[in-house]
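Below is one structure, written out as structure tokens; the observations come after it.
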């Protein structure tokens, strides 16, 4: 129904929408316009300006921090909203002189802790923002009312999850009557269908404890699981039911990091402390799996970041628990290929940090006459163009050991940054334990930060 220069939603297929839902662009496919209000989804041009109305792209694979192919770096071509929003915020604060600390808006979270946020088109006509709790609750953000709406299950509830933020991910698969979210829970691989009009959801579950987050290959979802004490792989293709493959792997069951993909070789990798699970598709779409154990005495620490990738392949950083030394081993090779590393480092998969010293390659050594170790830098996301990074800066642990920093449960003075790589940084500081278990994400032309240990949800918005 037309209401002045905009439109209001009366009904969808004769059903009146709940009053708690304010985002009509998500609910009905309407366009939110800068002039205020909404335009019907059938409109292709703005009646105010005559300009074409732009459809927002569907974000299919929601990796932990928005990086390409599961890593922690992204380019403008692959994730347009992230680079443009970060650059616009950086420019806005530069012009206004406002600090990131003062510009932050505190948003009430749907739960006090244990949340993972993701964008999906499930239940709507554009990407909505969802919050899934580790206790199995699902909520939908309403931009117009600035609050969260809980969704109730029709049948089985969303399963609990033990995956940390940095190890989690979701997928959105198209379906005949909308889009479905693929999630990894302790109860199984959950395919979630959302009905926003009834504020509810329904689950189709491949039963089995999920050992890793879902990964995407050729528009199919893959979730590693434990089923009846064995390794299993749950597979969901668009428009099809779950398929579960029992894997014969000589490997102990263990939780894995969020997967990274190698699209050129149609492969996925899940990193674990004791080895790596790889899944590959051949030319006919047949699935092949492999477990590669680390060399004896070595273990990975996946929280440090994804494997480093160069022109030769993927390199995983390992720590020798006996000799206290570091090395990198190549994942995608038949014969072992290794490089020694001078010390441990955090990584985006493209850039490494040995404490606060930025290096292109993790096996490089830095000049100690030119650089001094002063603090820990933990990169969440590197934006290649325009050269920005979302990161954490924290004091050095007393033992001056990178591993001891991630093993500690002590409260530290954490500084979260939006920084120009090698240049100026805008910062938000707080005291919190486990500051690396935070989540940055971009939604609705705003940058968000969730600090799980503090139960704090922050938002930095662009002018509307």
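The values are calculated or read from the model by the stated rules, or taken from the named source; none is laboratory data. On a predicted model such as this, the values are computed, not experimentally measured, just so you know. Neighbour counts are summed over all protein chains in view; Cβ atoms, including those assigned to glycine, are modelled from backbone coordinates with ideal geometry.
What the table shows:
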| quantity | calculated |
| --- | --- |
| Residues of the stretch 433-456 satisfying the condition of being more than 16 Å from residue 106 (Cα to Cα), buried (at least 19 other Cβ atoms within 10 Å of the Cβ) and touching a helix residue (DSSP H, G or I) at 6+ places or on another chain (Cβ under 7 Å) | 434, 436 |
| Those residues of the stretch 313-328 which are closer than 17 Å to residue 339 by Cβ and not in a strand (DSSP E or B), in sequence order | 313, 323, 325 |
| Test result for residue 328, over 14 Å from residue 403 (Cβ atoms), surrounded by 13 or more Cβ atoms within 10 Å (Cβ to Cβ), in contact with a strand residue (DSSP E or B) (Cβ under 9 Å, 6 or more places away or on another chain) and in the same structural domain as residue 271 (by TED's automatic domain parsing) | yes |
| For residue 72: the one exception among (1) surrounded by fewer than 20 Cβ atoms within 10 Å (Cβ to Cβ); (2) closer than 30 Å to residue 308 by Cβ | (1) |
| Which numbered condition residue 171 misses (of (1) surrounded by 19 or more Cβ atoms within 10 Å (Cβ to Cβ); (2) in contact with a helix residue (DSSP H, G or I) (Cβ under 8 Å, 6 or more places away or on another chain)) | (2) |
| Single residue of the stretch 418-432 satisfying the filter (touching a residue at least 40 places away in the same chain (Cβ under 8 Å) and within 19 Å of residue 347 (Cα to Cα)) that is surrounded by the most Cβ atoms within 10 Å (Cβ to Cβ) | 418 |
| Leading residue by the ranking (modelled with the lowest pLDDT) among those in the stretch 133-147 that are out of contact with any helix residue (DSSP H, G or I) (no Cβ under 8 Å at 6 or more places or on another chain) and within 17 Å of residue 195 (Cβ to Cβ) | 142 |
| Out of 247, 253, sole residue that is surrounded by fewer than 18 Cβ atoms within 10 Å (Cβ to Cβ) and more than 23 Å from the chain's Cα centre (by Cα) | 253 |
| Elements of type strands (runs of 3 or more DSSP E) in the stretch 162-234, at least 2 residues being out of contact with any strand residue (DSSP E or B) (no Cβ under 8 Å at 6 or more places or on another chain) and farther than 29 Å from residue 303 by Cβ | none |
| Qualifying residue in the stretch 108-115 (condition: modelled with pLDDT under 90 and assigned by TED's automatic domain parsing to the domain that holds residue 416) | no |
| Flag for residue 220 being farther than 30 Å from residue 17 by Cα, over 17 Å from the mean Cα position of the chain (by Cα), in contact (Cβ under 8 Å) with a residue 12 or more places away in the chain and buried (at least 18 other Cβ atoms within 10 Å of the Cβ) | yes |
| Subset of the stretch 368-412 that is over 18 Å from residue 346 (Cβ atoms) and touching a residue at least 12 places away in the same chain (Cβ under 8 Å) - its residue that is surrounded by the fewest Cβ atoms within 10 Å (Cβ to Cβ) | 409 |
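For (1) more than 19 Å from the chain's Cα centre (by Cα); (2) assigned to a strand (DSSP E or B); (3) at negative phi; (4) touching a residue at least 60 places away in the same chain (Cβ under 8 Å), each residue gets a yes or a no:
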position: 264; (1), (2), (3), (4): yes, no, yes, no
position: 269; (1), (2), (3), (4): no, yes, yes, yes
position: 277; (1), (2), (3), (4): yes, yes, yes, yes
position: 285; (1), (2), (3), (4): yes, no, no, yes
position: 296; (1), (2), (3), (4): yes, no, yes, no
position: 306; (1), (2), (3), (4): no, no, yes, yes
position: 311; (1), (2), (3), (4): yes, no, yes, no
